[in-house]
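Participant: First the structure, then my questions, so here it is.
None of the figures in this text is laboratory data; all of them are computed from the coordinates on show. Computed from a prediction, not measured in an experiment: that's the story for all the values here. When we count neighbours, we look across all protein chains shown, and the Cβ atoms used for this are built from the backbone with ideal geometry, even at glycine.
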Amino acid sequence: MADFSALNARFGLSGQMTFREGSGGLAVVEVANNQGSATIALQGAQVMTWAPRGQSPVIWLSRAAKFAPGKSIRGGVPVCWPWFGPHATNASLPAHGFARTVPWEVIGTQTMTDGSARIDFRLIKSDATRALWPHSSQIECHVTVGAALEIELVTRNTDRIAVTIGAALHTYFEVGDIRQVTIQGLEGCSYLDKMDGGQRKQQTGLVTIGAETDRIYLNSSADCLIDDPGLTRRIRIRKRGSRSTVVWNPWIEKSVKMGDFGENGYLNMVCVESANAADDVVTIAPGGEHRLWVRYEIEPLI
Ligand code: BG6
């Protein structure tokens, strides 16, 4: 069990950042300031909620999410690392890597000049993580909470050989009704359609979703805009260091099978994930680093 008094004494920012025990005994940090609020689990450095001040939630967290040590949480911003999806050569390894299900430590907090609050996490290595990833790498996740939410994933290769990393900020966005949503920014991109045996296809026009959708858009670095008439808002996703964009909605049948989506939960979410996957995995030279950065904001729908 985390020592919350020690965490609060060392890293709590008076009035805007508090560490406490959350559901299922998971340690969480609550952030609330003049610009926005968020809840982040120390397991997986996983943002679970975020809303700009006075606005409804932008990040979707399943009403039926399960909270338990070592289990991934359905919703929020799971960190997929050091591979995305199934492991390339060993199907018995955990999907999306292990970063989302292991404890991370807090290494720093600060109030930024614009009033937002930043918290930096580092993945805690253990025999279990070394068994899954026998390389000398360090991974940090920096989260800044304000009117925007910024997340930066930093991978440092401290090994003597190059490493190849797949990663994603697997963000679940809250929407009024997925059937009315359009996603801009992927027009003209090639994608791998996991609903059609991974076939390579090309996006024409905006992305809309009316059935189970699971796609990896390649070589896609532009901002994505989620236009949501249901909540009369647009979510803008800016990113750097990410060449893939994954768009996922399980739709009804798969979400029922998954068991942690809640009734009709799939109607109120869409994953638009800033990733490096498939053709876009990243090779980091010895001593080098890679930064995957995103910034989410809401804008009026025009
Ligand atoms: C998406 C994948 O990123 O994550 C899907 O493209 C997968 O194939 C989904 O089903 C959810 O994965 P998980 O492991 O969190 O259930």
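Participant: Filter segment 133-164 down to the residues that are surrounded by fewer than 23 Cβ atoms within 10 Å (Cβ to Cβ), among the small types (Gly, Ala, Ser) and closer than 27 Å to residue 271 by Cβ, then identify the one that is farthest from the ligand (Cβ to nearest atom).
Facilitator: Filtering first and then ranking leaves 147.
Participant: When only residues in segment 38-84 that are within 13 Å of the ligand (Cβ to nearest atom) and among the small types (Gly, Ala, Ser) count, which is farthest from residue 266 (Cα to Cα)?
Facilitator: Here the residue is 44.
Participant: Right, something else. Can you pull out the residues in segment 214-232 that are of a type in the set (A, V, I, L, M, F, W, C) and in a strand (DSSP E or B)?
Facilitator: 216, 224, 225, 226, listed by residue number.
Participant: Checking the condition farther than 27 Å from residue 285 by Cβ and more than 16 Å from the ligand (Cβ to nearest atom), which residue from 112, 195 passes?
Facilitator: Only one candidate qualifies: 112.
Participant: Could you tell me which residue of segment 21-78 is surrounded by the fewest Cβ atoms within 10 Å (Cβ to Cβ), considering only residues that are touching a strand residue (DSSP E or B) at 6+ places or on another chain (Cβ under 6 Å) and among the charged types (D, E, K, R)?
Facilitator: Result: 53.
Participant: If you don't mind, there's one more thing I want to ask. Residue 167 passes all but one of (1) buried (at least 20 other Cβ atoms within 10 Å of the Cβ); (2) free of Cβ contacts under 8 Å to residues at least 24 places away in the same chain; which number fails?
Facilitator: (2)
Participant: Moving on to the next point. Output yes when any residue across segment 193-207 is among the β-branched types (Val, Ile, Thr) and in contact (Cβ under 8 Å) with a residue 60 or more places away in the chain, and no when none is.
Facilitator: Looking for residues that are among the β-branched types (Val, Ile, Thr) and in contact (Cβ under 8 Å) with a residue 60 or more places away in the chain, one finds none in segment 193-207, hence no.
Participant: In addition: Determine the pairs where a residue that is farther than 13 Å from residue 174 by Cβ, located within segment 258-271, has a partner that is crowded, with 17+ Cβ neighbours inside 10 Å and among the small types (Gly, Ala, Ser) with Cβ atoms under 7 Å apart, the partner being 6 or more residues away or on another chain.
Facilitator: Once the first residue is farther than 13 Å from residue 174 by Cβ and sits in segment 258-271, its partners that are crowded, with 17+ Cβ neighbours inside 10 Å and among the small types (Gly, Ala, Ser) give 260/62; 260/65; 261/62; 261/255.
Participant: Of the residues 158, 144, which is touching a Lys or Arg at 6+ places or on another chain (Cβ under 6 Å) and β-branched (Val, Ile, Thr)?
Facilitator: 144
Participant: Sticking with this structure for a sec: Only one of (1) within 16 Å of the ligand (Cβ to nearest atom); (2) out of contact with any Pro (no Cβ under 9 Å at 6 or more places or on another chain); (3) free of Cβ contacts under 8 Å to residues at least 24 places away in the same chain; (4) of a type outside the set (Ser, Thr, Tyr) fails for residue 95. Which number is that?
Facilitator: For residue 95, the exception is condition (2).
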